[in-house]
Every structure is written in C-alpha cells, then in structure tokens.
Amino acid sequence: MRNTWIIFRRELRSYFSSPLAYAVMAGFLLIAGFFFYAILTSFLNTALRSEMQAQYYRMAPPPINVNLMALRPFFHNLAVVLIFTVPLITMRLYAEEFRNGTIELLMTSPVRNWETVLGKALAAFVLYASLIAGTLVYAAILFLSGKPEPGQIITSYIGLLLLGGAFVAVGIFLSTLTENQIVAGFLTIILLLLFWVVGWADEFAGPGVGSVLAYVSLLSHFDEFAKGVIDLKDVVLYLSFIGFFLFLTHLSLESKRWRTR
Amino acid sequence: MIDISHLTKVYGTKTAVQDITFSVGRGEILGFLGPNAAGKTTTMRILTCFMPATSGRASIAGFDVFGQSMEVRRRIGYLPENPPLYSEMTVEKYLAFVGGIKGMDPRLLKTRVPEVMERTSIRTEAGRIIKHLSKGYRQRVGIAQALIHNPEVLILDEPTVGLDPKQIIEVRELIRGLGGDHTIILSTHILPEVSMTCSRVIIINEGRIVASDTTENLTRRLRGSDNLYVEVEGPEESVETRIRALGGVTAVSRRKTEKRRGNGYLIETEIGVDVRRDLAALVVGQGWGLLEMRPVGMSLEEVFLHLTTREEEVPA
Ligand SMILES: Nc1ncnc2c1ncn2[C@@H]1O[C@H](COP(=O)(O)OP(=O)(O)OP(=O)(O)O)[C@@H](O)[C@H]1O
Ligand SMILES: [Mg+2]
C-alpha cells in the first residue's frame with residue numbers, strides 16, 4: 001500500500017507539472033460550459049413559451065422541471081464529452097514509462113505490478129474528479145437562479161464518478177499495450193465509443209442479445225443516475241467493470257515479465 | 001553472490017545470449033566486455049528480473065531471479081542502458097522517489113539523498129529539473145539512483161557512457177571505491193575501463209563467453225604472447241596456411257593493409273619462440289615478396305578484437 005501511495009503521489013505531481021492536465025481541464029470546462037449555456041437557453045425558451053401560452057389561454061402554467069429538461073441532457077452530453085477527455089488523461093500512464101525506459105526502474109524495484117496499477121489509476125481518477133468538480137460551478141448557477149432538486153444532482157455526480165472510474169480503467173489497460181501514447185489514447189476512445197453504442201443495439205438486436213449489450217453499455221447505466229435513480233445493479237456493474245479492467249492491466253504487465261521469448 | 005548458469009535468451013528467432021555460465025564473488029567488480037549486440041544488456045536485464053530467460057538459471061545472493069524476484073529486487077541497484085529518469089522531476093525529488101519504491105524509510109532518505117548526490121557530484125543540481133540537465137549529469141543521476149538504497153549488488157549497464165573525460169575518471173574512481181562493500185557487474189565496450197576498474201573480466205561476443213579471467217591475467221596473457229605483423233605478397237590462402245604450419249605459430253589472422261600490394265597477417269606465437277628466421281626463409285623459398293615484418297605487443301584492444309572476431313575467421 002505504501003508503494004501505491006508513493007506511485008500515486010509521483011503520478012499526480014507529474015500531471016500537474018505538465019501543460020496537458022491544464023489544457024484538458026480548460027478544454028473540458030469550456031465545452032461543458034457551452035453545453036450548459038445551450039441547454040439552459042433552450043430550456044428557458046421552452047419555459048417562456050409555455051408560460052406565454054398559459055397566459056394566452058388563461059390557464060395555470062404547466063409544471064416544468066429543470067432537472068428533467070435541462071440537467072439530464074446536460075449530464076448526458078457531459079458523459080459523451082468524457083469519452084474523448086478521459087483518454088487524454090490515461091494514455092500516458094504506461095505508454096510513457098515504456099517510451100522513456102522508466103518501466104525498467106519500476107519493474108526492477110521491489111514493487112508489485114498491481115501496486116503501480118492502483119497508484120496510477122488513482123492519480124488519473126483524482127485528476128478526473130477535479131475535472132468534474134469544475135462543473136460544480138454550473139450546478140451552483142442553477143441553485144442561484146432557481147430551485148433544482150439537489151438529489152438528482154448528487155446522484156448524477158455519483159454516476160459521473162463511477163463512469164469516470166470505468167473510463168480510467170479502460171484507458172490504463174490500453175496504455176500498457178503500446179509505447180505510443182497517441183495510439184493508446186486513440187484505442188481508448190474507440191473502445192469507449194463501442195461501450196457506448198452497444199446500448200443502441202438494444203433496439204435492433206434480439207431481446208436476449210440486446211439486453212446483454214444494453215447491460216454492458218456504460219452510458220445507459222449512467223442515464224439512470226442522471227434521472228436521479230441509484231440502483232445497486234448499476235453500481236455493481238461499474239465497480240466490477242473497473243475491477244475487471246484493472247486486473248487486465250495487471251495481467252498485461254505480468255505477461256511482459258513472464259513471456260520467455 | 002551472483003550465479004548464472006547455462007543462461008540462454010531467444011528473442012523470436014534471434015538468440016541474444018547463448019549458454020552463459022559465470023559467477024561473481026562478494027565484493028568483486030566484474031567487467032562485462034563485448035562489442036555492440038553481444039548480449040550484455042540482455043544478460044543484465046535477466047539478472048535484474050526485468051525479463052525472464054528462455055532457459056538456464058540466475059540467482060543473486062542465493063535468490064532465484066525468476067522465482068524469488070522480490071528478494072532479488074530488494075538487493076540490487078540497477079543502472080539500465082538508458083537512465084530511467086522522470087524528466088519533469090527535480091533531481092532531489094526523483095532520488096527520494098526511487099528510494100521510496102526501493103522500500104527505504106522516509107526519515108533515512110532525508111540524509112541519504114544528499115549523501116548520494118555528494119558521491120556522484122550532483123549536489124549543485126539538486127533542485128534542477130532533470131529535463132534541463134546535460135547528458136553527463138543525467139547519467140550521474142542514473143548512477144545515483146542505483147546507489148540510493150545502498151544495495152548489496154550493483155548492475156551498471158555502460159555507466160560511463162556520455163560523460164566527459166574528467167567525469168569518466170571520477171565515475172571509475174567511484175565504482176572502484178564501491179567495490180569491496182558491493183558486488184558489481186558493469187558492462188562496457190571500452191577496454192581501458194575494464195583494466196582500470198574491474199578485478200575480473202568476462203568477454204562476450206555474439207551471446208557467448210569468449211574469455212573469462214582476472215584483468216591482470218588477461219593483460220599478461222596478451223602482453224606475454226609474442227606477436228608478429230607481416231606483409232606478404234603472394235596467394236592469400238596458401239600464405240596463411242603455410243605460415244600457420246610453421247613451428248611455434250599458434251594463430252594467424254588477416255589484417256587489412258592500406259597498401260595495394262601484399263596482405264597483412266598477424267601472427268601469434270608461443271611465448272619465447274622467435275619464428276622470424278623461419279618465416280623469412282619460407283617466404284623467400286616460395287618466391288613470395290616479404291614487404292614488412294615487425295613485432296607487435298598485443299594491446300588489450302587487439303586481444304579484444306582478436307577474441308571477438310575469431311568466429312568469423314574460422315569458416316574462411
Ligand atoms: N527486445 C528485443 N527484441 C528483439 N531483439 C532484441 C531485443 N533486445 C535485444 N535484442 C537483440 O539481442 C542482441 C543482443 O542485444 P543486447 O542489447 O543485449 O546487446 P549489448 O551487448 O547490450 O549491445 P550494446 O553494446 O550495443 O548495448 C542484439 O542482436 C539485439 O538486436
Ligand atoms: Mg547494451
């Protein structure tokens with residue numbers, strides 16, 4: 001555990017001493033801000049129109065829900081943007097060690113592979129969490145100007161953390177497969193996109209296959225959180241997904257040591 | 001302290017190391033000498049548990065590098081061919097990090113890091129970012145990193161590469177000073193380095209050990225044998241075989257000449273035997289032309305070249 005902590009600290013410091021972390025953060029918050037603005041204005045337009053209609057027909061205005069109509073699409077868009085953001089964070093984790101030869105230091109030190117895997121994954125996750133924390137500003141704006149339901153916002157953020165954890169786990173695994181960061185990042189984007197779109201297969205695949213595919217679709221589970229629902233089976237899915245990919249990462253590193261030719 | 005037996009490493013179809021056996025005693029400094037692609041780095045990577053051997057065994061302090069790799073890793077300091085540096089860290093932080101993953105007590109590190117920087121003369125660079133250091137200083141940080149936890153065994157892959165002459169001398173002195181307390185294997189393809197720092201030498205070529213002896217013996221063996229350089233005008237093949245057939249000649253190898261006429265031959269003879277008279281008689285008797293003849297003391301370089309190029313000469 002001490003080794004994990006040492007690796008974690010070095011990795012995190014390395015993130016914040018490179019411009020990439022700041023560039024990713026700035027870019028992500030910018031895009032998130034744009035979505036927030038676009039979705040909120042379209043929501044306000046809708047709200048205004050229904051208000052005017054209500055006045056015209058001299059009826060009570062219909063209840064409109066900022067949580068369902070603005071927040072849910074906002075979080076959904078955020079999740080899609082993350083498919084392209086998280087790989088930028090994870091792609092260097094092992095690829096860079098292979099490229100610089102520092103892997104030779106790690107693998108000849110009395111540190112187990114799973115200890116470095118955990119340390120690195122945690123560091124990437126903390127960077128990811130601070131990225132997500134940046135979007136709390138937008139949530140705060142909602143609270144200043146209206147009365148959104150806090151429960152759904154909280155579940156959405158829990159969902160984002162779990163989703164991000166799963167993305168990080170995929171990214172760190174693919175980063176062990178190549179010494180080229182760009183390739184690692186690209187592969188991660190492709191795989192994450194696949195995990196997203198398999199959810200759509202629900203509609204055209206047979207009921208059996210479709211529901212399996214829908215189950216492994218990372219984003220469809222996130223939608224439950226964005227609706228304000230925490231279901232144990234979604235949490236379990238994310239956690240086992242994370243565990244599975246971290247284990248694969250460990251195996252991938254071990255195989256480098258065990259391969260005899 | 002270090003035992004290697006029948007070690008073989010195959011990469012795909014390429015055999016990098018073939019059936020190597022040797023051992024290094026406690027406190028010894030072993031020079032691992034060989035030309036490019038001889039298999040030095042490969043052997044070291046196996047010893048440091050970085051990669052497994054295809055077959056054969058290796059152990060350090062009685063622990064198998066494959067089966068008990070954690071025990072081995074605790075006991076070694078390793079300077080890989082390319083120093084494993086995190087370029088965005090400062091020298092000080094980097095050394096503390098390495099000490100940490102080697103299992104050192106953080107309190108001990110506070111005094112150990114400056115100590116190691118002192119020994120490798122990088123004290124002045126303590127707060128600098130590694131990326132901004134010159135190649136020579138980076139190499140020294142690499143050496144410092146291998147020393148940080150005061151390991152029993154040091155494995156140094158070309159430790160003086162990239163250093164300027166003054167630094168080379170300093171590093172060699174440092175390594176010499178470390179012998180006794182530490183068991184050291186260092187690889188190099190520079191001969192004087194071996195004679196200056198090592199107590200024993202293993203010469204490796206194309207994955208095989210071609211010579212193994214104490215530095216003194218090897219040097220004496222080389223200086224001791226009498227060598228003769230001749231340039232003869234005549235049919236290359238038969239000149240070589242006839243010379244080889246002379247009494248007292250142990251080996252003949254061809255040498256390049258700058259001159260158009262004649263071919264150069266390096267003749268090794270038994271110690272104390274002078275073949276010059278017989279040789280001259282042979283050449284004249286055959287009607288060949290004797291263009292040059294001079295005795296040469298074989299330098300360590302030549303021995304090295306001789307030992308490592310013999311393979312190719314046999315089929316000719
Ligand atoms: N990862 C690898 N995959 C395939 N072949 C390799 C690999 N590493 C080394 N080799 C081959 O193994 C042989 C020995 O290489 P090695 O690096 O051990 O030589 P070396 O003695 O360290 O040489 P140098 O003095 O150039 O460092 C070379 O022919 C090399 O091409
Ligand atoms: Mg080498």
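Taken together, the values in this text are just the output of simple stated rules run on the coordinates, not laboratory data. The structure presented is a predicted model; accordingly, all values stated were derived computationally and were not measured. So basically every Cβ, Gly included, is an ideal-geometry build from the backbone, and we count neighbours across all protein chains shown.
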Restrict the check to region B:4-17 and report whether at least one residue is away from ligand 1 (no atom under 13 Å from the Cβ), assigned to a strand (DSSP E or B), within 9 Å of chain A (Cβ to nearest Cβ) and surrounded by fewer than 24 Cβ atoms within 10 Å (Cβ to Cβ). no
Considering each residue of region B:35-44, count those that are more than 9 Å from ligand 2 (Cβ to nearest atom) and crowded, with 23+ Cβ neighbours inside 10 Å, and give that number. 1
Considering only strands (runs of 3 or more DSSP E) wholly within region B:150-222, the ones with at least 1 residues that are more than 12 Å from the chain's Cα centre (by Cα) and away from ligand 2 (no atom under 16 Å from the Cβ) are B:153-157, B:183-188, B:208-214
Out of everything in region A:75-118 that is among the small types (Gly, Ala, Ser) and surrounded by 21 or more Cβ atoms within 10 Å (Cβ to Cβ), what residue ends up being nearest to the other protein chains (Cβ to nearest Cβ)? A:SER109
Which pairs do you get when a residue that is at the interface with chain B (Cβ under 8 Å from one of its Cβ atoms) and under 19 Å from A:LEU246 (Cβ atoms), found in region A:1-15, comes within reach of a residue that is of a type in the set (Phe, Trp, Tyr) and buried (at least 16 other Cβ atoms within 10 Å of the Cβ), reach meaning Cβ atoms under 6 angstrom, with the pair 6+ apart or on two chains? A:ARG10/B:PHE97
Of all residues in region B:119-146, which are within 27 Å of the chain's Cα centre (by Cα) and free of Cβ contacts under 8 Å to residues at least 40 places away in the same chain? B:ILE122, B:SER134, B:LYS135, B:GLY136, B:TYR137, B:ARG140
Residues in region B:185-209 that are in contact with a helix residue (DSSP H, G or I) (Cβ under 6 Å, 6 or more places away or on another chain) and more than 16 Å from ligand 1 (Cβ to nearest atom): how many? 4
For region B:48-79, what are the residues that are more than 9 Å from chain A (Cβ to nearest Cβ) and without any contact (Cβ under 8 Å) to a residue 12 or more places away in the chain? B:GLY62, B:ASP64, B:GLY67, B:GLN68
Among all residue pairs at least 6 apart or on different chains, which show Cβ distances below 9 Å where the first residue, located in region A:156-180, is more than 13 Å from A:ILE230 (Cα to Cα) and the second is part of a helix (DSSP H, G or I) and of a type in the set (Lys, Arg)? A:ILE172/A:LYS120; A:SER175/A:ARG92; A:SER175/A:LYS120; A:THR176/A:LYS256; A:GLU179/A:ARG99; A:ASN180/A:ARG99
Do any residues in region B:26-47 that are closer than 10 Å to B:ASN205 by Cβ have Cβ atoms under 7 Å from those of residues that are within 7 Å of ligand 1 (Cβ to nearest atom) and in a helix (DSSP H, G or I), where the two are at least six apart or on different chains, and which pairs are they? B:GLY34/B:LYS40
